[in-house]
Structures are given as C-alpha cells and as structure tokens.
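Worksheet: one structure, shown below.
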Amino acid sequence: MTLDVFLQHITNGISLGSLYALIAIGYTMVYGILRLINFAHGDIFMMATYFAFYGVVIFSLPWYFVFVFAIILTGILGIIVEKTAYKTLRDAPKISILISAIGASYLLENLAVVIFGGRPKAFPTPDLFNKVVQVGNISVQRLTFIIPVVTVALLFMLLYLINKTKSGMAMRAVSKDHETARLMGVDVDKTISFTFFIGSMLAAVGGIMWALKFPQIQPLMGVIPGLKCFIAAVIGGIGNVTGAVVGGFILGIGEIMLVALLPSLTGYRDAFAFILLIVILIFKPTGIMGEKISEKV
Amino acid sequence: MKKRNLILTIISIIVLAIFIFYADSNFDAYQVRILNLCAIYTILGLSMNLINGFTGLFSLGHAGFMAVGAYTTALLTMSLAAKEQNFFMQPLVAPLNSIVWPFLPSLLAGGLMAAFVAYLIGAPALRLKGDYLAIATLGFGEIIRVIFTNTQNITNGALGLKGIPSSTNLWWSFGIAIVTIIVLLSLINSSYGRAFKAIREDEIAAESMGINLFKHKSISFMIGAFFAGVGGGLLGSLLGTIDPLMFRFLLTFNILLIIVLGGMSSVTGTIISAFVITIAQEVLRFLDEPMNFGFAVVQITGLRMVIFSALLMVVVLFYRNGLMGSREFSWDKLIKLFKRNPLVKGGTK
Amino acid sequence: MSLLKADQITMQFGGLTAVNNFNLELNKNEIVALIGPNGAGKTTAFNMITGVYNPTKGKIYFEGKDITGLRPDQITSLGIARTFQNIRLFKELSVLENVLIANHLNVKSNVFEAIFKLPRYMKEEKSMISKSIELLDKVGLGDLKYEKSSSLPYGKQRRLEIARALATNPKILLLDEPAAGMNPKETEDLTSFIKEIKEQFDLTIFMIEHHMQVVMGISNVIYVLDYGITIAQGSPYDIQNNQKVIEAYLGVSENDA
Ligand SMILES: Nc1ncnc2c1ncn2[C@@H]1O[C@H](COP(=O)(O)OP(=O)(O)O)[C@@H](O)[C@H]1O
Ligand SMILES: [Mg+2]
C-alpha cells in the first residue's frame, strides 16, 4: 500500500469515525443519566434523515433551513420517546426498561415503513458538499473534511455545555444520583428531557451528514449504525462524552482499515464492531475512559 | 392427590394426541402449518424464558442459537442431490457432503451444536451483567449470522439452503413441545431451578449462599440454547428453506414479545402467549400487502408490525407482569375453580 | 490456631480507603463484635472476608488456609456464611425456598439427574426438604414456610436471613447489624436467639451491631473501627472504658439512638 492510498483510507476512516462519534455521544449521555441503552437512538437518527429528505424534496425548501428544522424536530422526537417509553418506567426493573427501549425502536422503524415506505429513497446532496478536492495525490469529497470539523466543533460546544453551564451542572448532578439531585433543587425530569433533546439533535446532525455521504435512506438504516455506535460508546467508556468520540474514531478507522488491509475479511466488516466490543468488555469493561464503579453491598 | 394430577395430565396428553390425529388428516395445509408454528414458538419461547425469565439473564442472542440448530439440522438431513444443487458456488465440505441422517438425531445434533456455541459464547459473555450482557449476546447473535453469510462451503452463504426435507409435522412439533415443557418444568422445580431463580432475585445473595454464578448461568444458557437449536431445526424443516437473513434480531424480538406478553416467569404464560401471538401474526396478516413468506422470514412490512411493537410497549408500560406474571396453571387450582360452584350459595371455599 | 485470621487487610475505592490494615482473629465458639460509626468500613470488612470484595492488600486465612481472593460461593462452601445489612432475601420466593437454595451447595447430583429425577437426586431433594423444614421449625418460622418471603414482617425477615445462612452449614456466621430497626423487646429476643444458635450449631459468630445492649451483653471480644482504622480492641469492659472509643463512637451513638 502506498502512502497516498493509506492516507486516503485514513481520511475515510476519520470521516466515518466522526459520524459514529456523533451518534455515540447520544448513547453515552443517555446511559450516563438513566443507565439505559436507548435502543431507539439509531432510529431517531434514521428519522432525522427522513425529516430532511421531505423538507428538501417535497417542500423544496433551501437545504440549510431544512437541516436546522430537521435537527430541532429530531430533538423533539427524542423527548417524545423519552416521555412515552422511559418516563413511566423509571423505577421499574431494568429488564422492563430495556424491553420498552427495544419496543420503541421497533415501533419507530415500523412506523417509518408505514409512513415513508419501505423502499430506499435517494437523498439529495447539495453541490456544496459534493465537490472533490485535490490534496496532494489524494482526492477527497469536500464532505469528508466537513464531517470531522463539524463533529469536533460540536464536541467542544457540548463539553462547554456540560462543564460550564447550569444545565450541564444539572445533567452531571442527575447522572450521579437522581434523589440527591432532586434534593439539591434540580428538576430531574426536565434535565432528562434536555439530555434526550441534545443527544437526539446530535444524532440528527450525524444522520444528515450520513445521508449526504451515503445518499440512500431507508427505515432500517439506523439499526446497524445504532448498534455500532453504542459499541463505540462502550469502547470509549460509557457515560463519558469524550470517550464516545474516541470510541467512534477507533471503530470508524478500524473498520476502514480492516477492509483495506485484509480485503478477504470484507464480509466480516459488520462483525468487527461486535468482536471489538467483546474484547473490550472482557479486558476493560469500563472502556478506555470510563470510571470503575463497583456495586455497593 | 398427586396421582390424580398425573392421571389428569396423561388424559390431557391423550386428548391432545387425538386432536393432532384429527387435525393431521382434516385440517388444510395452511392451518396445519400455523399449528406447527404455534408448537415451535412454544419451544422457542420456553427456551428463552428459561434464560431470561427464570434465570434473569437478559440475553438477546436467541436467533443465533436458532440459526445454529436450523443449519445443523438442515445440513444433516438434506439429501445428497439437494446438497449438490445448493452448493454450486463452492462444494460442501466433507463429511457433510456425504452424509444424510434421520430427522431426530439431526435435531438433537442441532440442539447440541447450539448448546456448544452457547458454551463458547457464555465463557466471556456470562461474566457481564444487565445491559452489557444484552448487547454482548446481541452482538454474538449478529456475529453468528455474519459468519454464516461468509462460510460459503458450509452454509452456502447468503444464498441459504433450499430443499430441506419437510420432516416437521404435528407429531414432531407437538411431541417435542411437550417434552420441552416437561423437561423445563422439571428443571425449574428442581434444586438447580431454585438456584436459577435465586440468581434472578439477587446475584450477590445467591453467590453468598454458595451458588457458583458462572456455572449455573452457563447451565441455564446452554439448556436454553439447546432447545432454541431444536426449535430452529424444526422451523427450518417446516419452511424448507433457510438463509442468514431469517435469523436477524427481528426473530429474537418475536420470541421476546412472546415471553413478555405471557409473563417472564411463567411456563403457562409462555405457552398461551406463543399460541396467541403466532395466530395473531397470521390473522393480522391482511394488514400488510400480500406476501407469501413464511412467518419467520417476514420482512418488516408495515402496519402489522407497528401493532406488534406497540403491543410490546403497551404490555411493558402498563401490564408489566404480562398475562400470567409468575403464576402457573395447576390442576388443583382448576378443580378449585370448578368446585366453587356459583349456583351453590357460598360454594366450597 | 485461630479459626479465621485477617492480616492487614485493606480496601480502597478510588481515593477512599474504606478499611485500612485491619487485623482480626476469631477463635472457635467466640462471639466477636465489630462496632464503629456509620461509614467506618465495617460492612466493607465483611465483604472482604466473604469474598464479595477482593482486598486491595492483605491476606485472609480460614482454618490456616489462605482464602484471599476466592469467590463468595467458594468461601461459603468452606464454612463462612453471612447476612446482609439491608436484608437480601430472595423476595419473590417462599420462606422454604429461600432455605432450600442455601442447601444447593451440598447437592452432588448433576443437572441431568435433577431433570430426570434420578434416584440419587430424589434422595438428596427429600433430605434437603426435611432438613430445611426442621431448621425452620427450630428458628420458629415453621408455620410460615409457604409464605412469600417478602410478605414476612421485618423481624421475621431478619430471622429468615439468619436461618438461610445457617442452612449452608457454616462454622462461622457473620451478622451485619442483625438488630437494626428492632425495638427493645425484639432486640432482647434476638440476643437470646443468637446465643441459642451459637450453642445449637456450634458456631463462631462475628457481628456488626450498633445496639450496645446486644454487643456488651454477648460478645467476648469487640473491635472498634473508625474511618477504616482499628482504634481499639478488647473485652466489653475495656472498650466501655476506652477514651478513644468514647470520643469516636459511644458518645455520638448515645445521642443518636
Ligand atoms: N463499592 C463501593 N464503592 C465505593 N465506595 C464504597 C463501596 N462500598 C463502600 N464504600 C465506602 O466505604 C466506606 C465504608 O462503608 P461501609 O463499609 O459500608 O461502612 P459501615 O458498614 O461501617 O457503615 C463508606 O464511605 C462507603 O461509602
Ligand atoms: Mg454497614
């Protein structure tokens, strides 16, 4: 493999990894605050692409307007999912909550089939993103650069939100202990909804960029990325936002490199994430950046 | 008392046998097929309930175990001619390419293979808890599917297997369902079953009472996988064709729906629910555009599945214990119910 | 030789040292108490001895054998049983089932013998049931054996937890605040109950307890823990007159209780 080819792969890996990272953040935030795998997160990501698709194709509105609108709409969808599927089960056994999460995920997918149709749709990509840029000997779609930049920018904004603002402080308090947070005057329910709102909006950004990069959308498109991004969150250390981004990059670059270096294993690409997950869970269950928590007896 | 119950049980089994005898010759092919599916889903539901409901392990890899069972059974029972027809891309490996086994040993081999795979998966996965176990088993289920898609010379890859002899009939499916019920009830009510329930109730307390968590979780996981494998083998033989796509997470979801609706720690509930859900899936088929796939290869097809996913959510949100919770059918209860004759004032208390 | 010996065991959680260089010796048929303010590390010491936590440092010997780092179930099979500060019964299961489960560690039959009800298993099951019923009668829970364990009143739940621990055939019984939440009458009953089972089952008892009435009444030796450090050990008389203890613990607890 020449250096150019190698760089080409790395660029692709970073770009894919950035997308994984954006979705992984949502998993990690929800897990941090509710100790729950939000199985519906991948489907929220899918819904965002349809919102954007309908805005552009059916209502022929300008893309920048549509994207902002779709992102906000997706955030609201996240809140709705939280209120219906999770809120009433807050004190229920864990297994009930997980089942509800799986149910919510299936419900969204099937609703999408009914409402949007099961056939894949071609996602329109504004020319702005499509231009191919020549850097040295490698040629890259402009989008490939835009994606990581947007991801990193959003990561810094999110870190600022979590660490420096009042809402962020509330989120951190709730993630430590709901009861204590309540006693300190934090509105726990509002904070949880806010977390879903932010996490879903990030998934929407990821979804729209995903659809720009792989311009075909269908109701099940969120399933595999969803699972992989949860895995990215676990690899990075669940509950830790920076960890989720690191995990996303590891997974994205790892996948691209696996296919590039060992083409005979291409068929196993989707298994790569799961194998990585199992290896991590066995050797470092708390992930790369997660804190160790041992159950108090 | 015990003797009376045994007699009643035997009588019911005989009645069931007579019914099967009747159904076998009088029902049309479609009805027979649905009955077969009911019995197979009973087996699958019970096997998943042993792991998830009775032992409290949140395992989502059931479709993977079914795939192992279905492929093993299919590859052992298929005729040499059928094998040759299927494997035109790459020839089937030896010794599979030269053997044809009868149905029962093949089913058992399918179950044992699934149990063996469960043993391999359990070694790392059963050290995890809760969500992590769920996602790891789900991952293993997917890995099994990906492997089956890529091992062209064993599974025929994405093309799947066609022409699996249709040995599954009502006798086999109901016979094996009854054996499954008896074996699992006996297990659940034994000392081992109590250990499983202890693990479900409180792992730390169970371990402090001398129960080796890993050993007992493995036992439950492997026995559950065994029956899932057998169920998968029966299903493959009923449908006649299998391919890796059939064993996606959707299949696990269907079984999860059955055990949640029936009640996570009730054998009775699972049996009732397996019949209700299987029949409902068929009855509600009109909601979708006509698609002549078998029940299990159903693509995600709209309204019907919307109803089933909504049903799952409604059950978890509002009727967390499902139909039966942890209650079981017993002859004593039934007889008591009849004895409390509403026509006689006061009845027998 | 002492029955149980802890040698400089230490438990750290992140930056917090919950128990620091704890030494312990239990001799056969003694009743030893562990006292100290809340958060002193008493339960953590129990958890290390029973294998729930793996000590950061130090060794634990049972009958001269190093048991450090063994799993809880292995330690229980060797003969160390426990109860929990916040009762941990198998809530959905009956009183009898709770005790039967504690018998499972002695089952020799494998799972197939159990499923197919082969003679060896049936014999074991039968003797397990009669032994458990006998035990429940002994501790005064015989009439409640088919009740769901979580439906029992609080005091009976505590007693059931002790019975469950006894069913594992322990040599040492560890009780974590057995009198917590009990009124004086119940506490008195419990005290005599502990003395009784000690004689009946030939036990050595190590218990955490806040009620001084219980501790001073029945212990041979008392250890006092404060912020993970053993600040005193000795006979009830010594402890009652130890200035450090009075400052760290007794003074506070009298106001509390
Ligand atoms: N698993 C754990 N993780 C972190 N800290 C713990 C854990 N278990 C106990 N601790 C801490 O160790 C200290 C001692 O606790 P504990 O042994 O329960 O005290 P006691 O039983 O004397 O009241 C407390 O500060 C407690 O918060
Ligand atoms: Mg304590």
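The values are calculated or read from the model by the stated rules, or taken from the named source; none is laboratory data. Everything quoted here is computed from the prediction, not taken from an experiment. Reconstructed Cβ throughout: ideal geometry from the backbone, glycine too, with neighbour counts over all protein chains shown.
A few remarks follow.
- Residue within the range C:225-232 that is surrounded by fewer than 19 Cβ atoms within 10 Å (Cβ to Cβ), without any contact (Cβ under 8 Å) to a residue 12 or more places away in the chain and not polar (S, T, N, Q) present: no
- Condition met for A:L73 (more than 9 Å from every other protein chain (Cβ to nearest Cβ) and farther than 23 Å from B:M313 by Cβ): no
- Qualifying residue in the range C:190-205 (condition: β-branched (V, I, T), more than 25 Å from C:V107 (Cα to Cα), away from chain B (no Cβ under 14 Å) and within 16 Å of ligand 1 (Cβ to nearest atom)): no
- Of the helices (runs of 4 or more DSSP H) lying entirely inside the range B:109-222, those containing at least 2 residues that are surrounded by 22 or more Cβ atoms within 10 Å (Cβ to Cβ) span B:130-150, B:170-188, B:191-201, B:203-208.
- Within the range A:1-52, being polar (S, T, N, Q), more than 20 Å from A:M201 (Cβ to Cβ) and part of a helix (DSSP H, G or I) holds for A:Q8, A:T11, A:N12, A:S15.
- Within the range B:274-292, if we keep just the residues that are within 14 Å of chain A (Cβ to nearest Cβ) and modelled with pLDDT under 85, the residue that is surrounded by the most Cβ atoms within 10 Å (Cβ to Cβ) turns out to be B:D288.
- Scan the range C:94-153 for residues that are out of contact with any helix residue (DSSP H, G or I) (no Cβ under 6 Å at 6 or more places or on another chain), within 23 Å of C:K195 (Cα to Cα) and of a type outside the set (A, V, I, L, M, F, W, C) and the total you get is 7.
- On inspection, A:L277 qualifies as at pLDDT 85 or above, crowded, with 24+ Cβ neighbours inside 10 Å and aliphatic (A, V, I, L, M).
- Selection count where residues are touching a residue at least 24 places away in the same chain (Cβ under 8 Å) and over 20 Å from A:S200 (Cα atoms), scope the range A:56-89: 2
- The set of residues in the range A:1-31 that are closer than 24 Å to A:I95 by Cα and surrounded by fewer than 24 Cβ atoms within 10 Å (Cβ to Cβ) contains only A:Y31.
- A Cβ distance below 7 Å, combined with a sequence gap of six or more or placement on separate chains, defines the contacts here; from the range B:305-317, residues that are under 17 Å from A:G118 (Cα atoms) reach residues that are polar (S, T, N, Q) and surrounded by 21 or more Cβ atoms within 10 Å (Cβ to Cβ) in the pairs B:M305/A:N110; B:V306/A:N110; B:S309/A:N110.
- All positions within the range B:157-205 that are facing chain C (nearest Cβ under 7 Å), more than 20 Å from the chain's Cα centre (by Cα) and among the aliphatic types (A, V, I, L, M): B:A195, B:A198, B:I204, B:A205
- Residues that are more than 19 Å from the chain's Cα centre (by Cα) and under 22 Å from C:S219 (Cα atoms), drawn from the range C:5-28: C:D7
- Residue list for the range C:59-75, restricted to those being buried (at least 23 other Cβ atoms within 10 Å of the Cβ) and more than 10 Å from chain B (Cβ to nearest Cβ): C:I60
- Positions within the range C:15-54 being within 14 Å of chain A (Cβ to nearest Cβ) and touching a Phe, Trp or Tyr at 6+ places or on another chain (Cβ under 6 Å), in sequence order: C:A45, C:N47
- When the range C:169-189 is filtered for residues that are within 16 Å of ligand 1 (Cβ to nearest atom) and within 14 Å of chain B (Cβ to nearest Cβ), the ones remaining, listed by number, are C:L174, C:L175, C:D176.
- Exactly one residue among C:T56, C:T44 is within 10 Å of ligand 2 (Cβ to nearest atom) and farther than 20 Å from C:I194 by Cα, and that residue is C:T44.
- Flag if C:N38 is surrounded by fewer than 21 Cβ atoms within 10 Å (Cβ to Cβ) and near ligand 2 (Cβ under 10 Å from one of its atoms): yes
- So C:V52, is it of a type in the set (A, V, I, L, M, F, W, C) and touching a Pro at 6+ places or on another chain (Cβ under 7 Å): yes
- The residues of the range C:16-42 that are near ligand 1 (Cβ under 10 Å from one of its atoms) and not hydroxyl-bearing (S, T, Y), listed by number, are C:L16, C:A18, C:V19, C:L34, C:I35, C:G36, C:P37, C:N38, C:G39, C:A40, C:G41, C:K42.
- When the helices (runs of 4 or more DSSP H) confined to the range A:198-297 are screened for residues that are away from ligand 1 (no atom under 16 Å from the Cβ) and within 12 Å of chain B (Cβ to nearest Cβ), those reaching at least 3 such residues are found at A:223-236, A:269-283.
- Residue satisfying all of: in the range C:45-96; small (G, A, S) and in contact with a Ser or Thr (Cβ under 6 Å, 6 or more places away or on another chain); nearest to ligand 1 (Cβ to nearest atom) among these: C:G58
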